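Nothing in this text is a laboratory measurement; each read-out follows from the coordinates by a stated rule. On a predicted model such as this, the values are computed, not experimentally measured, just so you know. Because the Cβ atoms are built from the backbone with ideal geometry, glycine has one as well, and the counts that use them run over all protein chains shown.
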């Protein structure tokens, strides 16, 4: 059983954006936590104390990753995808070694090419992440 949310984000000593979900809402919403005031920025001119957020029916989901964390996540996912392609290339090469008349040698090259292409993908701004 999970313990009830106390109205504070993970790492309350750090200001930043977090995902919260209202009990009658269909999807999470981003809210900014202000470490200095120890309040949630609810609206432009409105703030919510932690206990008010709990009483209002909000639940904590997680911290919003910052741009550098998102870039690292993309990089990690791309590397995982490239490694899957390389494993397929190795498997195709092994099949070809067992049966040289099989078409697997060409397929192995295709998987290796896919792995290289994934590793050279760029973001919208043209930067490699």
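Among the listed residues 4, 100, which satisfies the condition of being closer than 30 Å to residue 116 by Cβ, out of contact with any strand residue (DSSP E or B) (no Cβ under 7 Å at 6 or more places or on another chain) and part of a loop (DSSP other than H, G, I, E, B)? Explain how you work it out, then say what you get.
Details: 4 fails: closer than 30 Å to residue 116 by Cβ.
After ruling out the rest, the residue left standing is 100.
So, residue 51, is that one surrounded by 11 or more Cβ atoms within 10 Å (Cβ to Cβ) and touching a strand residue (DSSP E or B) at 6+ places or on another chain (Cβ under 9 Å) or not? Full working, then the answer.
Values: surrounded by 11 or more Cβ atoms within 10 Å (Cβ to Cβ): yes; touching a strand residue (DSSP E or B) at 6+ places or on another chain (Cβ under 9 Å): no.
No: the conditions fail for residue 51.
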